[in-house]
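Structure first, commentary second.
The values are calculated or read from the model by the stated rules, or taken from the named source; none is laboratory data. Since this is a predicted model, take the numbers as computed values, not measurements. Here Cβ is always computed from backbone atoms with ideal geometry, including for glycine, and neighbour counts include all displayed protein chains. Each accessible area value is taken on the protein alone, full model and side chains, heavy atoms only, with ligands, DNA and RNA left out. Shrake-Rupley method; radii C 1.70, N 1.55, O 1.52, S 1.80 Å.
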Amino acid sequence: MPTPPCPCGRSEPYEKCCGRFHAGTAAAPTAEALMRSRYCAFVRGDAGYLLRTWHPRTRPARLDLDPGMRWTGLEILDTADGSAFHATGTVTFRASYRGGSLHERSRFERVDGAWVYVDGEFLD
Ligand SMILES: [Zn+2]
């Protein structure tokens, strides 16, 4: 039976995609990869990963995920910088959930080499 693709929208199975970042066995190489892995953590209700990948400057003290939220898909619309050669990056995306979607431009920075989420602005 074929393994289902990762919830972040890439074709690889979870274990070979965001699962490696969630488990801590690999680090997201780009801002986009971190963004995908954070979306995937929302899908899986992994608040610990979301907090670990939040910039210490903007990280909330705690994060209560809504267990009734059903995420249905992620679409990356645009990326700027955020590669192995950058210290900052932005990712514009649309994350869909049952009943609506979220259109956001997120900012990412590297802290000690690892990409972390700084903040985001809603676009509509
Ligand atoms: Zn993934």
Point to revise | Mean projected area (nm²) of the alpha-carbon convex hull when the range 24-94 is viewed from all directions | key: 5.4 nm²
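Under a 1.4 Å probe, what is the accessible area of the range 14-122 per residue, stated in Å²?
On the way: 6000 Å² over 109 residues.
Accessible surface, normalised per residue, equals 55 Å².
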Study note, to complete from the structure: From most to least accessible, 1.4 Å probe, no ligand or DNA/RNA atoms counted, TYR39, TYR97, TYR117 line up as TYR97, TYR117, TYR39
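Could you work out the percent of alpha carbon pairs in the chain separated by over 18 Å, rounded to a whole number?
On the way: 3902 of 7626 pairs.
Cα-Cα pairs of the chain separated by over 18 Å account for 51 percent.
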Check your understanding: Which far-off residues, 5 or more places away or on another chain, put their amide H under 5 Å from the one on TYR97, with H placed in the peptide plane?
Key -> THR72, LEU102
Practice item. Calculate one ³J(HN,Hα) per residue across the range 38-52 by plugging θ = phi - 60° into the Karplus curve 6.51 cos²θ - 1.76 cosθ + 1.60, and present them in order as whole Hz with x for glycine and proline. Key: 6, 4, 4, 5, 4, 4, 8, x, 8, 5, x, 5, 4, 5, 4
Study note, to complete from the structure: Calculated from DSSP helices alone, with each H run of at least 4 adding -39500 (n - 2.57) and the total divided by the residues of the chain, [θ]222 nm to the nearest 500 comes to -6000 deg cm²/dmol
Check your understanding: Which far-off residues, 5 or more places away or on another chain, put their amide H under 5 Å from the one on GLY120, with H placed in the peptide plane?
Key -> ARG107
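Pairs of alpha-carbon atoms within less than 8 angstrom and 6+ residues apart define the contacts here; what relative contact order does the range 14-122 have, in percent?
Numbers: 187 pairs, mean separation 26.6, N = 109.
Value for the range 14-122: 24 percent.
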Check your understanding: In the range 22-124, which trypsin sites (Lys or Arg not before Pro) fall in coil by DSSP and have 16 or fewer other Cβ atoms within 10 Å?
Key -> ARG57, ARG62, ARG70, ARG98
Check your understanding: Can you put SER83, SER11 in order of accessible area, largest first, using a 1.4 Å probe?
Key -> SER11, SER83
Review point. To the nearest 0.05, what FRET efficiency results for ALA84 and GLU15 with a Förster distance of 22 Å applied to their C-beta separation?
Key: 0.40
Review point. From the phi of every residue in the range 98-108, what ³J(HN,Hα) in whole Hz does the Karplus formula 6.51 cos²θ - 1.76 cosθ + 1.60 yield, where θ is phi - 60° and glycine or proline is x?
Key: 4, x, x, 8, 10, 10, 9, 10, 9, 10, 10
Review point. Of all DSSP beta bridges in the chain, what percent run antiparallel (nearest 5)?
Key: 95 percent
